[in-house]
Amino acid sequence: MILWTEILVGCLVVGAVFAYFRIVAPFNQLRVVLRRLAQGDFRPVLLSARKGVLRETSLDVRRISELLQQLDQQIAAEGFSLKAILSSMVEGVVITDRTQRIRLANDSLQRMLDLTQSPVNRTVIEVFLNPELQQAIEKTLFDGIARKIELTLRVPAAEGYAAKHIEVYASGLNPGPKSRPLGAVIVFHDITAVKNLEAIRREFVANVSHEFRTPLAIINGYIETLLDGALEDRATTEAWLKVMAKNGRRLDLLIEDLLTLSHMEYRSPELDFQKVNLPGLLDRVIERTTTAISERHGRVTVEWSSEAAAAEVDPRRMEQVFENLLGNAFRHATSDEVAVSVTARRLGEDIEIVFSDNGPGIPYRDQPHIFERFYRVHKDRSRGGGGGTGLGLSIVKHIVVAHGGSVAVESVPGQGAAFRIRLPAARKMPTSAEAVEV
């Protein structure tokens with residue numbers, strides 16, 4: 001009896017050991033692995049492949065682990081690629097869910113709109129404060145149809161806020177051809193520069209048309225009057241012909257200035273650099289304008305340092321600079337005793353040339369715009385109302401910058417104006433950062 005009891009106990013022990021190693025231990029190991037997978041740890045699963053009731057299950061879990069690991073790597077790679085693509089885009093990109101809550105936004109959007117905090121996890125209306133944008137996205141989320149709209153947003157600037165023109169493309173994230181979008185992709189394209197160029201172009205065309213229309217109207221008016229019988233009055237005819245010739249010269253000057261500005265602004269300036277005696281160049285300009293100076297009882301004084309006399313410049317272009325600055329001083333003078341002072345000195349590798357006058361000066365509000373095309377200070381500064389073409393100072397700036405220099409204006413209203421030019425004494429081409437925009 002005792003022998004059978006011992007045998008039974010031995011069998012139970014052996015069975016228990018067998019059950020532990022073939023069932024319980026693999027089950028515990030499998031449970032640990034499943035818990036690790038549930039926690040997102042997809043490292044390779046090392047389970048015993050020996051024969052047992054859990055062998056097939058262990059192999060299935062190992063395969064699941066491998067598939068999850070591959071999927072995790074694929075998601076990580078795709079996420080990295082998406083982030084790299086969005087980060088490299090110039091356009092701002094936003095991805096929203098169905099509730100218009102922003103789930104993703106790239107850095108370009110934050111730079112474009114100067115956002116002080118991340119827009120992620122905030123609603124579209126909360127971030128952009130624009131009902132038109134919200135309505136467009138809402139319609140896209142409803143019908144899945146892509147839309148394009150133009151917005152004008154206010155963004156922080158150095159002084160308060162500035163208007164920024166944005167072209168927005170909204171497209172739905174459709175899981176299927178007939179399913180409702182799960183979200184929307186919104187692309188922001190900054191077209192502020194394009195809009196500004198369009199405004200400049202319109203203003204340019206309007207100004208050119210106006211500048212041409214005035215002298216042409218005068219010439220055509222006198223021609224019609226002469227054709228109606230005024231030719232018989234010789235004195236009147238001569239006076240009118242002089243007026244017509246004056247306006248013809250004005251048209252010729254306008255065309256010449258436009259061609260010069262077009263060449264300097266839209267093409268790479270081809271400057272003929274030569275070793276030039278600058279005070280001698282100025283003397284020739286003064287000699288050519290002697291008549292205009294005498295008519296205004298004006299005087300030009302020159303103080304030119306010998307160290308600043310020679311420079312490598314394009315003589316023809318620099319004559320234009322000197323002539324425009326002198327002409328500007330005499331044209332806008334309000335008295336018949338015009339005094340213009342020209343001083344020049346050497347400053348290191350540069351030459352500084354200053355044209356000062358005793359005219360009415362330039363109002364502070366106009367000084368930032370004085371080098372813009374066709375910009376004119378109010379008409380009472382232009383004696384006789386004729387003025388110039390409004391391009392002279394713009395041409396001056398383009399020529400000086402093309403030489404690698406700079407030009408600035410200093411003026412106290414009522415106390416004259418001073419135009420300060422700095423030119424490199426030796427040849428220097430302007431860098432891209434020095435490119436002029438007027």
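Out of curiosity, is Phe273 in contact with a Lys or Arg (Cβ under 7 Å, 6 or more places away or on another chain) and farther than 18 Å from Gly392 by Cβ? Outline the logic, then answer.
Working: in contact with a Lys or Arg (Cβ under 7 Å, 6 or more places away or on another chain): yes; farther than 18 Å from Gly392 by Cβ: yes.
So Phe273 fits the description; yes.
The residues on offer are Ala163, Ala146, and the sole one that is under 21 Å from Ile102 (Cα atoms) and in contact with a Ser or Thr (Cβ under 7 Å, 6 or more places away or on another chain) is Ala146. The lone criterion from (1) of a type outside the set (Ser, Thr, Tyr); (2) assigned to a helix (DSSP H, G or I); (3) within 35 Å of the chain's Cα centre (by Cα) left unmet by Glu270 is number (2).
If you check Val300 against the conditions, is it surrounded by fewer than 20 Cβ atoms within 10 Å (Cβ to Cβ) and in a strand (DSSP E or B)? No; evaluated as a whole, the condition is false for this residue.
In the set Ala206, Ala193, Ala184, only one residue is among the small types (Gly, Ala, Ser), at pLDDT 80 or above and closer than 25 Å to Leu391 by Cα; that residue is Ala193.
For segment 395-414, a residue qualifies if it is at pLDDT 85 or above and not β-branched (Val, Ile, Thr), and the qualifying residues are Lys397, His398, Ala402, His403, Gly404, Gly405, Ser406, Ala408, Glu410, Ser411, Pro413.
All of (1) modelled with pLDDT under 90; (2) in the same structural domain as Asp107 (by TED's automatic domain parsing); (3) aromatic (Phe, Trp, Tyr) hold for Tyr169 with one exception: (1). Anything in segment 260-277 that is at pLDDT 75 or above and surrounded by fewer than 11 Cβ atoms within 10 Å (Cβ to Cβ)? List them, or say none. Of everything in segment 260-277, just one residue is at pLDDT 75 or above and surrounded by fewer than 11 Cβ atoms within 10 Å (Cβ to Cβ), namely Asp272.
Pairs linking a residue in segment 395-408 that is more than 14 Å from Glu312 (Cβ to Cβ) to a residue that is of a type in the set (Gly, Ala, Ser), with Cβ atoms under 6 Å and 6 or more positions apart or on different chains, do not occur.
I'd like to know if segment 228-243 contains one or more residues that are under 28 Å from Asn324 (Cβ atoms), surrounded by fewer than 16 Cβ atoms within 10 Å (Cβ to Cβ) and among the basic types (Lys, Arg). Looking through segment 228-243, at least one residue is under 28 Å from Asn324 (Cβ atoms), surrounded by fewer than 16 Cβ atoms within 10 Å (Cβ to Cβ) and among the basic types (Lys, Arg).
May I ask you to verify whether Gln134 is at pLDDT 90 or above, assigned to a helix (DSSP H, G or I) and of a type outside the set (D, E, K, R)? Don't jump to the end; show me each part of the working.
Values: at pLDDT 90 or above: yes; assigned to a helix (DSSP H, G or I): yes; of a type outside the set (D, E, K, R): yes.
So Gln134 passes the test.
Put simply, of Lys164, Lys148 the only residue that is part of a strand (DSSP E or B), under 14 Å from Val187 (Cα atoms) and touching a residue at least 12 places away in the same chain (Cβ under 8 Å) is Lys148. Pairing each residue of segment 227-248 that is without any contact (Cβ under 8 Å) to a residue 24 or more places away in the chain with any residue that is among the small types (Gly, Ala, Ser), provided the two are 6+ apart or on different chains, yields C-beta distances under 9 Å for Thr236/Ala230; Thr237/Ala230; Trp240/Ala230; Lys246/Gly386. Evaluation of Ile218 against the conditions (1) within 37 Å of the chain's Cα centre (by Cα); (2) modelled with pLDDT of 80 or more shows that the sole unmet condition is (1).
The values are calculated or read from the model by the stated rules, or taken from the named source; none is laboratory data. This is a predicted model, so every value here is computed, not measured. Reconstructed Cβ throughout: ideal geometry from the backbone, glycine too, with neighbour counts over all protein chains shown.
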